[in-house]
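The values are calculated or read from the model by the stated rules, or taken from the named source; none is laboratory data. Everything quoted here is computed from the prediction, not taken from an experiment. In this analysis, Cβ positions are derived from the backbone assuming ideal geometry, glycine residues included, and neighbour counts consider all displayed protein chains. Just the protein is used for accessible areas: all its heavy atoms, side chains included, with ligands, DNA and RNA removed. Shrake-Rupley method; radii C 1.70, N 1.55, O 1.52, S 1.80 Å.
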Amino acid sequence: MEGRRIGVYVCHCGLNIAGTVDVEEVAKYAATLPSVVVSRDYHYMCSDPGQALIKDDIKECGINRVVVASCSPRMHELTFRNACQDGGLNPYLLEHTNIREHCSWVHEDKAAATEKAKALVRAAVKRVYYHEPLEVKEAPVNPNVLVVGGGIAGMQAALDIANGEHQVYLVEREPSIGGHMIQLDRTFPTLDCSECILTPKMAEVGHHPFIELLAYSEVEEVSGSIGQFKVKVRKKARYIDESKCVGCGVCEEKCPWKVPSEFEMGLAMRKAIYIPFAQAIPNVVTIDKDLCVYIQSGGKKCGACIKFCEANAVTPETLLNQSDQIVELEVGSIIVATGYDQFDPSVVPQYGYKKYDNVLTGLEFERITCAAGPTGGKILLKDGTEPENVAIIHCVGSRDQNYHEYCSRVCCMYGLKYAYLIKELTGADVYEFYIDMRCFGEGFEEFYKRISEEGIKFIRGKVAKVTDVAITEEEKGKLIVVAEDTLLGSMVRVPVDMVILCAALESRSDADKVASLFGLNRRADGFFLARHVKLDPVATPTDGIFIAGCCEAPRDIPDTVAQAEAAAAKALSLISKGKITLEAAVATVDEAQCQGCGRCEEICTFHAPKVISKNGVMVSTINETLCKGCGACAVACPTGAISIRHFTQEEILAQVGALIEV
Amino acid sequence: MAEFEPQIIAFCCNWCTYAAADLAGTSRVHYPPNVKIVRVMCSGMVNPIYVLKAFESGADGVLVAGCNLVDCYYLDGPVKCDAMFAILKKLVHILGLEDERLRREMISASEGVVFARVVEEMVEGLKKLGPAPFKVKKGAVV
Amino acid sequence: MNLYEIIQDTKTHYCLECGKCSSICPISRYDPQYSPRVMIEDALFGFEEELIHNHKLFSCLTCYACQLKCPSDVDYPLFIRKTRELAAAAGEHGDYAHSGTLQSLVGLMARSSIKQRRFEWFSNSYRTSESSDVMLFIGCSPYFEPVFEDIPVRTLDIAEASLKILNSLGIEPLVHPDEKCCGHDALWLGDMETFRILAEHNAAIIKESGVKKLIFFCPEGYRTFKLDYPNYVKLDCEVMHISEFLAQRLETEGLRFNEVKKKVTYQDPCRLGRHLGIYDAPRKVLASIPGIELVEMEHIREDSICCGTSCFTNCDSYSKQIRVGRLVEAKATGAETLITSCPKCQTHFKCAMVARGEEKGPEVEIEVMDLANLVANAIGG
Ligand SMILES: Cc1cc2nc3c(=O)[nH]c(=O)nc-3n(C[C@H](O)[C@H](O)[C@H](O)COP(=O)(O)OP(=O)(O)OC[C@H]3O[C@@H](n4cnc5c(N)ncnc54)[C@H](O)[C@@H]3O)c2cc1C
Ligand code: SF4
Ligand code: SF4
Ligand code: FES
């Protein structure tokens, strides 16, 4: 480490520092320290003449390391870094030490403050000795964006970006986009029909010149980092020729093989060749390979679709020889909008879901009230009759230590929505069993009030069980809902014909897979973790990857849309800047020192280190675009292989060791 | 004999506690000059050796301070710092050091006064305890 | 001492430049830049500056493999140790593992005037006595415990097992609350100031306690007390490794163990084996436990391969490869457990198994256990 020539600059800051610290003495003292070749004090170091001192000394005295003792580096580190740079010195060869906020302003005793300032300068000189020049790197941003999930969140984000005329790839796992919203009948609190407001958006997505829709597809691999992700998408075989299919549905009509429809929540059947629902986008059929007898028999049986398809979209060739395709994409940012799963209430045995015919979940009920649904929009019991009384049970799987501790946010409101619809369509008595009514959104409280006036009975109490064991004549043949009415303090037994369970919204069952694919972190409740709950709610620990909608937490449609737009804005701002500036003070690995133990990979929140095999030896490598320089890996590393530039152990130990005069 | 003046080295994260100390400065909240701050980017960056080295070089007390759990600029640095600190505490405990010489705090950027108070408390406590029992190793200071 | 004297003292000038050392050295096997022969050559050419600032000076494991094979009897490990004294005086040290935490703790321990709290782990189920004439040396185990808790290595389990063994033989040993690190690492890293302070302290407390016999479960402490302390301090007591002690008792008292069904292999710790020539005692103990089947590795006894790190310094990629190689050898025996009688061997082997990245290296998982723990299990109760 020969050839260190250190310049020290002690600032008076008018009397702000000089009033308490004898700056001249500090400068004089600094001049005696090893490797210090110039040491000056000056009235205002941050002023132009102050900065000029540094620049001139770089040129004239050949100083190659700079210590400025003045105010907080949080205030002027950048100023002095720039001064170094203007003087022709790498900006990272500066050490800025704080003798104002941390010294002159907080201490009164002049002698003690001066001693402390000397110590801080001494430590800074020791530390700057080890500073190395760093390069601030930039990387370009690919303007294409990948959106994963074609629910309302994904569609909205895709449209916002595409309307800015940037290419979007929208990957949806199911045969059609639409997500949960397209399954809903009417939406609270305005009760507008979900299909009516959503299908135009779906069509727009389907036709948009800047959106390439990859439906019935899944992301398989993501590599790279912000600005330049490489993505592999598996486009699953539909076993038909998509370019020929016009979605006429004749094949579906003729196909003799049936299973319960996923879209209809199992309340109706679909065929082996099917379009999940009438307004599906893309409007083409899909073949359920496991169910298709032609495929299963190797072309020996059935083949009805081939016979009836006039467009020639289904042929023996497509049925027997089509295989999945891998599409490779390059994008600069990714929006994950994979939504939620509905909690399966059959794990709560006391509610009798799947045991009793007329115990339904919210989504099942949505299908029942929907005019295009299995009952043509009529609220009917399994036996085809109309219910005379219906119980709606809130918080099923939500706000419950045994299942999910959190509130699912939408159930109170859709519970009220159902009460209204049932009353309206059947005139049946409706009982709402709730713990607390949470009606916090715009127009929600008003909606609650309006429903309360319709003669709905609200019972505050968590339901203990739903049973068909009658104890009175009146209860015979009914489902009896047993609960404590906590407002009255007495047990109630309410005999009804139908029970609707407001099941929780939970994180997707494959959320762990998706999280590791995209480098997301999950909260304890399973949903994806935002960078900062309050101040950075759509960013994630991985730069360039954003989250929107119910994959982040349960929320209603307006909130989902707002979040999707926020994520789109994030992606757009990246695109409009066109490049990213990388943190210079990041981690580096000394490969000869590394043992490939992976402790760094394990501890890093930002997924920057990866252990790989190099010539058969495991070593860690740092993705500098992901690293934030937090230093956690260097603490975890047992061998000292990782160090953080500008905050190396050598530097910090030198500083610490010099703080106390002995 | 002059009163014993304990030496404290404080490791403060750039985004919260260092900023809190800045705030103490701008609001002219006075505290004793016995503390010297080492700026680290995150409390999760504090290596046990930094603290041990502080004792080796003559510190009577060490403060490790950073953001509150939810405020960390790097999301979960404080959790990592806590884990490190738990091990460190065990080690200095076995060495025989009084537990009060090593302190962990979470002080947010708005808590200049809290920073000053913590320093005051430490100085007072350390004055009662007297100097740390380590003789500085020859040539230990780099 | 200067380089010239070191060369004299360690018979380095007899070097034939045959390269046997480099061919046997476990590090040279993986690190093409490391060669004992070249180090010696540098010394003989008088390149003192280059030598003491060469950070590979701190790579040597001082495992004594080369010394046993050297046709001229050059004491290379001693040469290294003494040259490190020069290097340390010039402010050099190797790359400390664990950021130097362990070295720092030892330094603080040496320079502290207060009472340590070494024995909070100690449970009442063991009997000890302040007036015993046998002392069990606990060493740095209480400090290792928190540092390596994530691997996990429980060095204090070995201490407890040793106490259990001694108790079952009717011995209530002294465990001394004021004992400090034996100074092994300081010595081998050339930090003589720290080593002297520790040696003098330990010698003094042992003298004061009046014990006649000092038992170690750590071969490093044993070696240091047996071979190094006499050069600096006066010790009037017998020192022994617990495996030796057990082997002795097997003969004199016809010890009996319960059956433990296990196929094991045995790692000769360098300090116990090549440094002190103790190969038979631990094997004898193993053979005396019914149900234990010992299957030997390819390299054993004098040819045994070091656990790959020494003094928590220069624990690098090559060190890891040595350990992985040794573990592969251990697994190849088909044994389910690798027995060692050194807490540090155990630590280093277990650390080499850590694979927390998504991508994994070679499969080297095997149970590692100290001989003392195995014996304690065989005692039962
Ligand atoms: C019973 C019920 C009634 C509701 N009623 C209302 C209401 O009246 N008003 C209201 O505002 N809100 C209501 N909601 C809430 C509403 O459903 C959500 O706010 C909204 O659907 C969230 O949209 P999303 O895009 O985030 O998620 P989703 O609708 O779940 O969409 C996610 C999409 O991503 C796809 N996907 C998932 N994983 C992958 C993957 N790995 N790769 C590719 N694609 C994937 C899915 O197939 C799906 O298309 C109700 C919810 C329920 C359960
Ligand atoms: S923690 Fe250190 S030794 Fe382990 S893989 Fe990471 S850099 Fe390598
Ligand atoms: S410095 Fe922080 S962000 Fe960078 S690799 Fe290490 S742990 Fe990850
Ligand atoms: S940034 Fe303050 S603790 Fe992490």
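For beta carbons closer than 8 Å, sequence separation of 6+ or different chains, a first residue in the range A:587-612 that is at positive phi and more than 7 Å from chain C (Cβ to nearest Cβ) and a second that is open to solvent by less than 40 Å² (accessible area, probe 1.4 Å) and not charged (D, E, K, R), the qualifying pairs are A:H607/A:G519; A:H607/A:P541; A:H607/A:T542; A:H607/A:L626.
Highlighted here would be strands (runs of 3 or more DSSP E) found entirely within the range A:385-472 that include at least 1 residues which are within 16 Å of ligand 4 (Cβ to nearest atom) and in the same structural domain as A:R493 (by TED's automatic domain parsing), but there are none. Of the strands (runs of 3 or more DSSP E) lying entirely inside the range C:225-305, the ones with 2 or more residues being over 30 Å from C:C182 (Cα atoms) are found at C:262-267, C:292-294.
Checking every residue in the range A:444-454 against the condition of being within 15 Å of ligand 1 (Cβ to nearest atom), modelled with pLDDT under 95 and within 14 Å of another protein chain (Cβ to nearest Cβ) gives zero matches. All conditions but one from (1) surrounded by fewer than 24 Cβ atoms within 10 Å (Cβ to Cβ); (2) more than 12 Å from B:F115 (Cβ to Cβ); (3) in contact (Cβ under 8 Å) with a residue 12 or more places away in the chain apply to B:A19; the one that does not is (2). Somewhere in the range A:565-581, is a residue in contact (Cβ under 8 Å) with a residue 24 or more places away in the chain, in contact with an Asp or Glu (Cβ under 8 Å, 6 or more places away or on another chain), of a type in the set (V, I, T) and within 16 Å of ligand 2 (Cβ to nearest atom)? Scanning the range A:565-581 turns up no residue that is in contact (Cβ under 8 Å) with a residue 24 or more places away in the chain, in contact with an Asp or Glu (Cβ under 8 Å, 6 or more places away or on another chain), of a type in the set (V, I, T) and within 16 Å of ligand 2 (Cβ to nearest atom). Scan the range A:611-651 for residues that are near ligand 3 (Cβ under 10 Å from one of its atoms), assigned to a loop (DSSP other than H, G, I, E, B) and under 30 Å from the mean Cα position of the chain (by Cα) and the total you get is 10.
Name the residue that is farthest from the chain's Cα centre (by Cα), counting only residues in the range A:154-173 that are within 14 Å of A:F546 (Cβ to Cβ) and open to solvent by 10 Å² or more (accessible area, probe 1.4 Å). In this case the residue turns out to be A:D160.
Here A:I393 fits the description: among the hydrophobic types (A, V, I, L, M, F, W, C) and under 18 Å from A:V463 (Cα atoms). Within the range B:111-129, the set of residues being at pLDDT 95 or above and among the small types (G, A, S) comprises B:A116, B:G125.
Restricting C:V354, C:V368 to those that are within 11 Å of chain A (Cβ to nearest Cβ) and among the β-branched types (V, I, T) reduces the list to C:V354.
Taken over the range C:101-122, the criterion of being more than 25 Å from A:G640 (Cβ to Cβ) and surrounded by 18 or more Cβ atoms within 10 Å (Cβ to Cβ) is satisfied by C:S112, C:Q116, C:R118. Inspection of the range C:188-195 identifies at least one residue that is more than 19 Å from the chain's Cα centre (by Cα) and either open to solvent by 30 Å² or more (accessible area, probe 1.4 Å) or free of Cβ contacts under 8 Å to residues at least 60 places away in the same chain (or both). Based on this model, can you work out whether C:I305 counts as within 14 Å of chain A (Cβ to nearest Cβ), in contact with a Pro (Cβ under 7 Å, 6 or more places away or on another chain) and crowded, with 17+ Cβ neighbours inside 10 Å? Spelling it out, it is not the case that C:I305 is within 14 Å of chain A (Cβ to nearest Cβ), in contact with a Pro (Cβ under 7 Å, 6 or more places away or on another chain) and crowded, with 17+ Cβ neighbours inside 10 Å. Of all residues in the range A:290-305, those satisfying the criterion of being within 13 Å of A:P256 (Cα to Cα) and without any contact (Cβ under 8 Å) to a residue 40 or more places away in the chain are A:L291, A:V293, A:Y294, A:K301, A:G303. Restricted to strands (runs of 3 or more DSSP E) entirely inside the range A:185-253, those with at least 2 residues that are surrounded by fewer than 17 Cβ atoms within 10 Å (Cβ to Cβ) are A:217-225, A:228-235. The residue that is nearest to the other protein chains (Cβ to nearest Cβ), counting only those in the range A:109-135 that are away from ligand 3 (no atom under 16 Å from the Cβ) and assigned to a loop (DSSP other than H, G, I, E, B), is A:D109. Residues of the range C:64-109 being at the interface with another protein chain (Cβ under 8 Å from one of its Cβ atoms) and either in contact with a helix residue (DSSP H, G or I) (Cβ under 7 Å, 6 or more places away or on another chain) or touching a residue at least 40 places away in the same chain (Cβ under 8 Å) (or both), which ones? Answer for the range C:64-109, where residues must be at the interface with another protein chain (Cβ under 8 Å from one of its Cβ atoms) and either in contact with a helix residue (DSSP H, G or I) (Cβ under 7 Å, 6 or more places away or on another chain) or touching a residue at least 40 places away in the same chain (Cβ under 8 Å) (or both): C:D95, C:Y96, C:A97, C:H98, C:S99, C:G100, C:T101, C:S104, C:L105, C:G107, C:L108, C:M109. For the range B:80-110, filtered to residues that are open to solvent by less than 40 Å² (accessible area, probe 1.4 Å) and under 18 Å from C:D150 (Cα atoms), the residue that is farthest from the other protein chains (Cβ to nearest Cβ) is B:F85.
Among the residues that make up the range A:629-645, is at least one of them on the phi < 0 side of the Ramachandran plot, away from ligand 2 (no atom under 11 Å from the Cβ) and more than 8 Å from every other protein chain (Cβ to nearest Cβ)? Checked against the condition, which is being on the phi < 0 side of the Ramachandran plot, away from ligand 2 (no atom under 11 Å from the Cβ) and more than 8 Å from every other protein chain (Cβ to nearest Cβ), the range A:629-645 yields at least one hit. If you go through the range A:21-67 and keep only what is in contact (Cβ under 8 Å) with a residue 24 or more places away in the chain, more than 21 Å from A:K126 (Cβ to Cβ) and in contact with a Phe, Trp or Tyr (Cβ under 9 Å, 6 or more places away or on another chain), you end up with A:Y42, A:C46, A:G50, A:Q51, A:L53.
Sub-6 Å Cβ pairs linking a first residue in the range C:132-154 that is more than 10 Å from chain B (Cβ to nearest Cβ) to a second residue that is surrounded by fewer than 20 Cβ atoms within 10 Å (Cβ to Cβ) and not charged (D, E, K, R), at least 6 apart or interchain, are C:S141/C:L156, ordered by first then second residue. Tallying residues that are open to solvent by less than 10 Å² (accessible area, probe 1.4 Å) and part of a helix (DSSP H, G or I) within the range A:50-72 yields 3.
Which of the numbered conditions does B:L52 fail, given that it passes all the others? Conditions: (1) closer than 28 Å to C:V106 by Cα; (2) within 7 Å of chain A (Cβ to nearest Cβ). Every condition holds for B:L52 apart from (2). Only one entry in A:A608, A:A571, A:A566 is over 14 Å from C:K360 (Cα atoms) and within 14 Å of ligand 3 (Cβ to nearest atom), namely A:A608. A:M498 falls short on exactly one of the conditions (1) within 16 Å of ligand 4 (Cβ to nearest atom); (2) under 20 Å from A:M413 (Cα atoms), and that condition is (1). Contact map, the range A:187-213: residues that are of a type outside the set (A, V, I, L, M, F, W, C) paired with residues that are surrounded by fewer than 16 Cβ atoms within 10 Å (Cβ to Cβ), Cβ distance under 6 Å, separation 6+ or inter-chain. Pairs shown: A:P189/A:G443. Restricting the search to the range C:202-214, which residues are within 21 Å of the chain's Cα centre (by Cα) and either surrounded by fewer than 21 Cβ atoms within 10 Å (Cβ to Cβ) or part of a helix (DSSP H, G or I) (or both)? Of everything in the range C:202-214, those that are within 21 Å of the chain's Cα centre (by Cα) and either surrounded by fewer than 21 Cβ atoms within 10 Å (Cβ to Cβ) or part of a helix (DSSP H, G or I) (or both) turn out to be C:N202, C:A203, C:K213.
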